[in-house]
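Enquirer: Quick one: the structure is below, and I'll ask about it shortly.
The values are calculated or read from the model by the stated rules, or taken from the named source; none is laboratory data. Because the structure is a prediction, the values reported are computed rather than measured. Virtual Cβ from ideal backbone geometry, glycine too; neighbours counted across all protein chains shown. What goes into the accessible areas is simple: the full protein's heavy atoms, side chains included, and nothing from ligands, DNA or RNA. Shrake-Rupley method; radii C 1.70, N 1.55, O 1.52, S 1.80 Å.
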Amino acid sequence: MSKKIVITGGAGFIGSHVVRLFVNKYPDYKIINLDALTYAGNLENLKDIEDLPNYVFEKADIVDASRVNEIFQKYQPEGVIHLAAESHVDRSILSPLDFVYTNVIGTVNLLNAAKEAWKNDFEGKRFYHVSTDEVYGALGAEGLFTEETPYSPNSPYSASKAASDHFVRAYGETYHLPFVLSNCSNNYGPNHFPEKLIPLFINNIINKKPLPVYGDGKYTRDWLYVIDHAAAIDLIFHKGRNAETYNIGGFNEWQNIDLVRLLINKMDEKLGNLPGTSDNLITYVKDRPGHDLRYAIDATKINKELGWYPSVTFEEGLKLTIDWYFDNQEWLKNVTTGAYQEYYGKQYGGR
Ligand code: NAD
Ligand code: DAU
């Protein structure tokens, strides 16, 4: 079956893995990568597939409704997989409105474009909205987020993602727009922008720079290798039930400080250092305001309904990730100059 699918945010971290998977796995599909190429978007992420005949790139800002409509008119896609977003919690604290524009208004623009393009025939159409577990707020020491957990976002980022989730549902209820939604835990892997914990700390260990651990470092996240998220997105897009939400998680909870120690261990080994050499880089810094204590996902539904389970262990995933950053130091250098340094100064001061 041939299909045209618009994937938004395809030049970003997760989006680039989803684009690669779809372009390689479905040669009969046409994959349209719609991305504004913000600081987080990078076409280098897609060098290996950019010349394939079933891939096309459209530089566009989802906040620009007429540009989005133009792309829908041009390609007449049957599906949308929407990943474009401002995605970093710390930046949302510095600049919340950017998150409202892209995550809320941008999502509504896409919904309107899909509704308009599909209005006469919803058969075979699907709007897939990729969201986050952060919409559920924070867990205490016990419990897991299920699909029924009430929304309780605490950061401007998660509030903007929660708002976009609500709009997607509302378009389903009000206009019968066919949709599916997923809420995933923390991803890690190749091409992850080095503002997030794992790639930031890999880069800082390479450069012998302080590792800024927020608060007491006892915050907990549930880590999933990005390739497993892309595989879940493929399954949900093709086999998920209409108007349903699927939680996706790694069954892999780590307190930040334990994860940082594990990472230091692996990095020292890779660098040929004596064990513990980089321990002294750990620097406890001021906590993130509104810092959510713990996220953890109950991924039973996607496991039972669609047979999905993470395929990459944390041990394997971390090794693949570290190896990738070592083999791609040019990529790392290119994304950590200019605007990155400015952001780093604002976020971490002189450290
Ligand atoms: P990212 O920041 O790496 O990439 C975002 C991409 O969106 C970039 O290519 C950027 O250029 C593009 N973009 C941003 N604003 C845009 C705009 N106005 N118009 C068009 N394109 C725009 O993000 P990511 O970590 O790959 O996350 C992708 C999606 O998955 C997001 O919706 C995020 O909320 C969600 N998510 C991420 C994680 C995670 O751990 N990274 C976990 C769960 C869900
Ligand atoms: O849970 C899914 C979410 O995971 C996604 O929706 C977000 O897009 C993604 O950025 C991620 O959010 P987090 O805030 O959990 O990820 P981050 O890598 O920024 O931080 C992970 C943990 O590490 C968190 O407890 C904060 C802490 N941290 C982070 C940074 C950048 C530090 O201690 N120091 C740091 O410098």
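Enquirer: Among the residues in the stretch 296-310, are any in contact with an Asp or Glu (Cβ under 9 Å, 6 or more places away or on another chain), more than 30 Å from K4 (Cα to Cα) and not β-branched (V, I, T)?
Expert: yes
Enquirer: Return the residue satisfying two criteria in turn: it lies in the stretch 122-135 and is open to solvent by 10 Å² or more (accessible area, probe 1.4 Å) and away from ligand 1 (no atom under 12 Å from the Cβ), and of such residues it is nearest to L83 (Cα to Cα).
Expert: R126
Enquirer: Does P194 satisfy the condition of being more than 16 Å from ligand 1 (Cβ to nearest atom) and more than 25 Å from R126 (Cβ to Cβ)?
Expert: Criteria not met by P194.
Enquirer: Sticking with this one: Pick out, from the stretch 77-166, the helices (runs of 4 or more DSSP H) lying fully within it that include 1 or more residues that are among the small types (G, A, S).
Expert: Numbers: elements: 89-94, 96-99, 107-118.
By residue number, 89-94, 107-118.
Enquirer: Scan Y284, Y295 and give me the residue that is open to solvent by 30 Å² or more (accessible area, probe 1.4 Å), closer than 17 Å to K196 by Cα and among the hydroxyl-bearing types (S, T, Y). Before you say what the answer is, go through the steps one by one.
Expert: Numbers: Y295 fails: open to solvent by 30 Å² or more (accessible area, probe 1.4 Å).
Result: Y284 is the single residue among Y284, Y295 that is open to solvent by 30 Å² or more (accessible area, probe 1.4 Å), closer than 17 Å to K196 by Cα and among the hydroxyl-bearing types (S, T, Y).
Enquirer: A follow-up question, please. Among the candidates R241, R221, which residue alone is under 15 Å from T132 (Cβ atoms) and at pLDDT 95 or above? Working first, answer last.
Expert: On the way: R241 fails: under 15 Å from T132 (Cβ atoms).
None of the others qualify; the one that does is R221.
Enquirer: Within the stretch 101-118, is even one residue aliphatic (A, V, I, L, M), within 15 Å of ligand 1 (Cβ to nearest atom) and open to solvent by 40 Å² or more (accessible area, probe 1.4 Å)?
Expert: Looking for residues that are aliphatic (A, V, I, L, M), within 15 Å of ligand 1 (Cβ to nearest atom) and open to solvent by 40 Å² or more (accessible area, probe 1.4 Å), one finds at least one in the stretch 101-118, hence yes.
Enquirer: Being open to solvent by less than 10 Å² (accessible area, probe 1.4 Å) and not hydroxyl-bearing (S, T, Y): is that true of V19 here?
Expert: On the way: open to solvent by less than 10 Å² (accessible area, probe 1.4 Å): yes; not hydroxyl-bearing (S, T, Y): yes.
Yes.
Enquirer: In addition: For the stretch 35-55: of the residues being touching a Pro at 6+ places or on another chain (Cβ under 9 Å) and either open to solvent by 70 Å² or more (accessible area, probe 1.4 Å) or under 20 Å from K333 (Cα atoms) (or both), which is farthest from ligand 1 (Cβ to nearest atom)?
Expert: Residues of the stretch 35-55 touching a Pro at 6+ places or on another chain (Cβ under 9 Å): 45, 52-54.
If we keep only those that are either open to solvent by 70 Å² or more (accessible area, probe 1.4 Å) or under 20 Å from K333 (Cα atoms) (or both) as well, we get 45, 53.
Numbers: N45: 8, P53: 23 Å.
Among them, the one singled out is P53.
Enquirer: For I93, indicate whether it is in contact (Cβ under 8 Å) with a residue 40 or more places away in the chain and under 22 Å from F13 (Cα atoms).
Expert: Working: in contact (Cβ under 8 Å) with a residue 40 or more places away in the chain: yes; under 22 Å from F13 (Cα atoms): yes.
Judged against the criteria, I93 is a match.
Enquirer: Restricting to the stretch 56-100, count the residues that are hydroxyl-bearing (S, T, Y) and either near ligand 1 (Cβ under 9 Å from one of its atoms) or open to solvent by 60 Å² or more (accessible area, probe 1.4 Å) (or both). Walk me through it before giving the result.
Expert: The first filter runs over the stretch 56-100 and keeps only residues hydroxyl-bearing (S, T, Y), leaving 66, 75, 87, 92, 95.
From what's left, either near ligand 1 (Cβ under 9 Å from one of its atoms) or open to solvent by 60 Å² or more (accessible area, probe 1.4 Å) (or both): 66, 87.
The number of residues fulfilling the criteria is 2.
Enquirer: Name every residue in the stretch 181-217 that is free of Cβ contacts under 8 Å to residues at least 40 places away in the same chain and more than 7 Å from ligand 2 (Cβ to nearest atom), in order of residue number. Spell out the reasoning first.
Expert: Start the filter on the stretch 181-217 by keeping residues that are free of Cβ contacts under 8 Å to residues at least 40 places away in the same chain, which leaves 200, 207.
N207, the sole residue that qualifies.
Enquirer: Whether any residue in the stretch 37-45 is out of contact with any helix residue (DSSP H, G or I) (no Cβ under 8 Å at 6 or more places or on another chain) and over 23 Å from G338 (Cα atoms) is what I want to check.
Expert: No; the residues of the stretch 37-45 include none that is out of contact with any helix residue (DSSP H, G or I) (no Cβ under 8 Å at 6 or more places or on another chain) and over 23 Å from G338 (Cα atoms).
Enquirer: While we're on this one: Of all residues in the stretch 248-269, how many are open to solvent by 70 Å² or more (accessible area, probe 1.4 Å) and within 23 Å of the chain's Cα centre (by Cα)? Let's see the steps before the verdict.
Expert: Within the stretch 248-269, the first condition is being open to solvent by 70 Å² or more (accessible area, probe 1.4 Å), and the residues that meet it are 251, 253, 258, 261, 265, 269.
Add one more test, that the residue is within 23 Å of the chain's Cα centre (by Cα), and what stays is 251, 253, 258.
Counting residues in the stretch 248-269 that are open to solvent by 70 Å² or more (accessible area, probe 1.4 Å) and within 23 Å of the chain's Cα centre (by Cα) gives 3.
Enquirer: Scan (1) within 14 Å of the chain's Cα centre (by Cα); (2) away from ligand 2 (no atom under 11 Å from the Cβ) for the single condition P178 breaks and write down its number.
Expert: Among (1) within 14 Å of the chain's Cα centre (by Cα); (2) away from ligand 2 (no atom under 11 Å from the Cβ), P178 violates only (1).
Enquirer: Does V168 satisfy the criteria of being touching a Ser or Thr at 6+ places or on another chain (Cβ under 8 Å), in contact (Cβ under 8 Å) with a residue 40 or more places away in the chain and away from ligand 1 (no atom under 16 Å from the Cβ)? Explain how you work it out, then say what you get.
Expert: Details: touching a Ser or Thr at 6+ places or on another chain (Cβ under 8 Å): yes; in contact (Cβ under 8 Å) with a residue 40 or more places away in the chain: yes; away from ligand 1 (no atom under 16 Å from the Cβ): no.
Here the answer is no, as V168 does not meet what is asked.
Enquirer: Is it the case that some residue within the stretch 15-22 is within 15 Å of ligand 1 (Cβ to nearest atom), among the polar types (S, T, N, Q) and either modelled with pLDDT of 95 or more or within 19 Å of A117 (Cα to Cα) (or both)?
Expert: Looking through the stretch 15-22, at least one residue is within 15 Å of ligand 1 (Cβ to nearest atom), among the polar types (S, T, N, Q) and either modelled with pLDDT of 95 or more or within 19 Å of A117 (Cα to Cα) (or both).
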